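Taken together, the values in this text are just the output of simple stated rules run on the coordinates, not laboratory data. Only a predicted model underlies this, so the values are computations on that prediction, with no experimental measurement involved. Here the Cβ positions follow ideal geometry from the backbone for every residue, glycine too, while neighbour counts run over all protein chains shown.
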Amino acid sequence: MRNKFIYQPPANGYPEWNNNPDIFQLNRQQAHSYMMPFKTESEALTEEHASSPYYRSLNGTWKFAFAETPDQRIKPFYEANYDSNNWADMPVPSHWQLQGYDYPQYTNVQYPWSVSEPELKAPFAPTKYNPVGSYIRSFSVPEEWAGQPVFISFQGVESAFYVWINGELVGYSEDTFTPAEFDLTPYLIAGENKLAVEVYRWCDASWLEDQDFWRLSGIFRDVYLYSVPPVHIADFFVRSNLDDKYRDAELIIDAKVANYFNDSVGSLHLETFLFDQDKHPVQKQSLLIKEGMTDEQNFQLSMKVHNPAKWSAETPNLYTLVLSLKDALGNCLEAISCRTGFRQFELKDGLMKINGKRIVFKGVNRHEFSCDTGRALSKEDMIKDIKLMKAYNINAVRTSHYPNQSYWYELCDEYGLYVIDETNLETHGTWEYGKKGLNDKTVPGSKPEWRENVLDRCNSMFQRDKNHPSIVIWSLGNESYGGDNFIAMHDFLKQADPTRLVHYEGIFHYRESEAASDIESTMYISPQDVEKYARSNPQKPYIICEYSHAMGNSCGGLHLYWEVFERYDILQGAFIWDWVDQAIRTTTSEDIVYLAYGGDFGETPHDGNFSGNGLIFADRSVTPKLDEVKKCYQNVKFEGIQLDEGRICVTNRFLFTDLSDYLLKWEISLEGEAAQSGTLPISLPPGDNREIVIPYSPVNTYDKEAILTVSFVTIESSKWASAGHEVAWEQFALTSYLPARRETDLNQAPINLTELEEDVLISAGDVSLKFSRITGDLSSYVSSGKECLLEPVRPNFWRAVTDNDLGNKLPERCGVWKAAPDNRQLISFKWKLEGLCCVITSHYTIATNPITSLTIEYQIVADGTIHIHEQLIPGNGLPEIPEFGMLFVLDNRLDTVDWYGRGPHENYWDRNTGARIGRYSGKVQDQFVPYLKPQECGNKTDVRFASLTEGTNGTGLQIVAPSLMELCALPWTPDELEASDHVYKLPPSNKTVLRVNYKQMGVGGDNSWGARTHEPFTLPSNRSYSFAFTLQPLMP
């Protein structure tokens, strides 16, 4: 029996959790690989940890007490005879802030206590408000575990905690995101045992956990007991090396065997069995352990494997390795298992390569977060995430900024994602961008008191995750500047695991720590600066560990990065920030359900909706940004060669997949209606390109635009997609779009014009119009006896600001254009009636400095058609124009929008490569995109023609342009969207707001705190603009 832990308080008089950065554990077990013992090899082969007879979950309902400060906690709660029957119930795993205690707090850079205790400096922990959660539950040890060691495993506790069994202190641990395990064997009694856990919201190590996320607390990952035989496998590390041809492999297994009680043991056999993905045996290896083994000993086995199926994100071939320990008679004492993959990741010829091929990371950063359970993520949430990532061509994930649940890595192994596994370390609030050199405030820097702490975090991640083939890069943390401690972390990982590279972006800010990273890595750098690096004789391969900040309506210009990546081998990919909106589903006092962001719980400080950066919404529904990602990340390139002959060039950008695994589909549409289609089997090895011929019949119809769409779809179903799932596509125009001309009926009754003192009334066919002689606006549009307009038609130069607009101060810079419609002065209002046509011309000046000129001409023909022409001459030196077009506030009976252009999802000038040209229809209310904070949304680009109708009965308006236009139909005006800080606060709507634009500027997204939309996707004011479109009445 091992001795019980003898507690000695810290020498400085402070508790372990405060002002003791070098004390981060007491009596904690050594970190080891994620594994579970079984009785037999066949049981281990199932790989189901929960099915092991040596496993007992402690998840469920615990007793709980809450205190706002450490001084207020119930100090004797852990005592064996303390009665907690009247305590509240608390589910484990969970965060207590989501169970009615304390409050969630979202901050990005600033530490959450920076307002309540602004004088606080590291390594002191807050004390004025630092809640403590006291947890109690009981358990009994299974009888069949008698005589065996018993351990408890906490997979994740935020942020520091003590553990007692039956009134005796067992240990203490920090590091929120890696397991903490304790040996319970000396403390257990027969029958019921009392387990008490005291959790601190913040500790001194919270200075190392300043990630951009919700600050939450509690036992938020699984808790379980496990037992092992007295002589058992304590740890193992499996890795593979491929030969020079990347064909045959050597599998190397380092195993640690322990004799817990140090009883006398005879000879043992350590055996390894390798099984293929169908669980068929492939190979076996055995090693003799001589009798008398004591304590712990390390052993190494290896086996040569002939041409195993290789692991990659494209082909995630997995084998199962079973290790068993047997006595001299061949009886199995214990068996453990893990899945493994044969792959070689290396830095070769100056490039990162997987199995000999240059790798390109098409990645995303991922916080663990659920809108309902916070970081207590379910397996179902994780499976949904990985299926979406695979379906949208994402091949890599960075676990920002901490080790994720172990199950996530199992999924990455199984489904195929390359992983950057990141140490739980961020100290963003202790330094500023642009600073020069280390100072006393910088943590951990080169401070010796933090050295062992960060190395422990690094080691805990490595030991738990080392056997996952999906992990190709270790990361030292995020936004923590530099210093010698990072070099120490790097050196530790390289010595412990030469098979992977080490990443740290902080070297960009502190070049004295250059040796801490094998990779050059930056954040939020422009495509132009990425190219500068590629052309600067670079010495390291390059990735962008965070880019295309997906806050709200964003990810504009994503394609610009990938155009650069294609040109330079040294540029090896990037990771979008980030995967899922961090928002908490909650209710108002009126029981309205909504998604909350920073400040919604009354907390301070906070960083508002800066947590809403996801490619998917907080409820895990998909945003339109993800469609753009899928297109930019696709692995097939199409180029037109001789389109009238059907000749296109196809390039296979997969590394290991022949295009024969997919089926090429093609379709020719005439103004959105399918006219021809077919399929074509293609065989094209990875990395190759060749010309193919699409066997379509000649298109002889030139009065309708002909579009050729080619795509590759899966032939067979997989774990993440059904057969027929599209992985790549492109479109080519075979004939040009020519707007249909509506012939004037010469028998149509002439236009009737009536001049009033303040208005001009026009009657044309079934349409009646009223123009104001005071404002020059079209103020009434009656079609078939029904008024369509709720407000006068007006020119529009503004959109509801996006998060990116706010970040780059567009409202301050360009606000003159928001006010422009109200600052018009009518200079002249003219009308002219000539037979079957009437022309109304309104000329304005706009009170900008200098003056802007605006002319709007309405040409009305006898059947009620209105040709609208808008011309803008901006004053010299004015800022860019957010959009240029006309705004109609219409009756909401016009509730259905149909368009021929890009869709079906919203798209923008700089974010429309993932939206294909087609014919689409939907309800106006469904065009609204519920970003965390209401903003510009629902736009459609490259629109040829569109209509707004009363349902599907055909009554309404048609909009046609002689050239491509943009269109947006929503239930709210830009002003209403801007005025609401949450979706549920948008007012009830009785209208359809139609904006018909020449262009709207792109949404941008290089970052959300200063980067402007790229210049090619803006409307500079140093030129004049002219825009024309036609409004036609539609009858059923």
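Worth pointing out:
- Put simply, the amide H of Asp372, placed in the peptide plane, has neighbours under 5 Å in Arg585, leaving out anything fewer than 5 places away on its chain.
- The spacing between region 324-370 and region 557-598, judged by their C-alpha centroids, is 28 Å.
- Along its principal axes, region 635-733 has C-alpha extents of 44, 27, 16 angstrom, given from the largest down.
- Centroid-to-centroid separation of region 801-836 and region 913-992 [C-alpha atoms, Å]: 19 Å
- In region 382-502, inverting the average of 1/r over every pair of distinct C-alpha atoms gives 15.3 Å as the Kirkwood radius.
- Residue-wise HN-Hα coupling along region 106-120, computed from phi with Karplus coefficients 6.51, -1.76, 1.60 (Hz; x: Gly, Pro): 9, 9, 9, 9, 5, 5, x, 9, 5, 9, 6, 9, x, 7, 5
- Evaluated over region 143-244, the Cα radius of gyration and Dmax, each in Å: 17.2, 59
- Qualifying aspartates and glutamates (Cα of each under 14 Å from Cα of Lys435; at least 8 residues distant if same chain): Glu479, Glu512
- Think of region 752-1034 as a dipole: +1 on every Lys or Arg Cβ, -1 on every Asp or Glu Cβ, centred on the Cα centre; then among Thr913, Val839, Phe1029, Thr913 lies furthest on the positive end.
- Here is the P(r) of region 943-1027: all C-alpha pair distances, binned every 10 Å from 0, give 14, 31, 37, 17, 2 in whole percents.
- Contact order relative to length of region 1-127, as percent, for alpha carbon pairs under 8 angstrom and 6 or more apart: 23 percent
- For Lys279, a cut-off of 23 angstrom between C-alpha atoms picks up these lysines, skipping any fewer than 8 places away in its own chain: Lys39, Lys304, Lys310, Lys326, Lys466, Lys719.
- Projecting the Cα atoms of Ser57, Ala44, Asn85 onto the charge dipole of region 1-86 (Cβ charges, centred on the Cα centre) puts Asn85 farthest toward the positive pole.
- Kirkwood's formula applied to the C-alpha pairs of region 231-343 gives a hydrodynamic radius of 14.8 angstrom.
- Our note on the geometry: Cα centres of region 996-1017 and region 776-796, 31 Å apart.
- Pairs over the 28 Å Cα-Cα cut-off, from the set Lys362/Lys940; Lys353/Lys940; Lys532/Lys933; Lys245/Lys630; Lys379/Lys637: Lys353/Lys940; Lys532/Lys933; Lys245/Lys630; Lys379/Lys637.
- Listed peptides 765-771, 802-808, 688-694 by packing density, highest first (mean Cβ within 10 Å): 802-808, 765-771, 688-694
- In percent, rounded to a whole number, the relative contact order of the chain is 9, using alpha-carbon pairs under 8 Å and six or more apart.
- With 5 Å bins from 0: P(r) over region 752-1034, alpha-carbon pairs, percent: 1, 6, 12, 17, 19, 18, 14, 8, 4, 1, 0, 0
- Cα-based reach from Lys923 at 16 Å (exclusive), listing aspartates and glutamates while leaving out same-chain residues under 8 positions away: Asp891, Asp895, Asp898, Glu906, Glu950
- Radius of gyration (Cα atoms) of the chain, expressed as a multiple of 2.2 N^0.38 Å: 1.07.
- Cα-derived Rg over Rh, computed across region 401-468 with Rh taken as Kirkwood radius: 1.10
- Per residue Cα convex hull volume in Å³ - calculated over region 360-631: 136 Å³
- Loop-resident trypsin sites (Lys or Arg not before Pro) (DSSP state other than H, G, I, E or B) in region 393-457 with no more than 10 further Cβ atoms inside 10 Å of their Cβ: Lys436.
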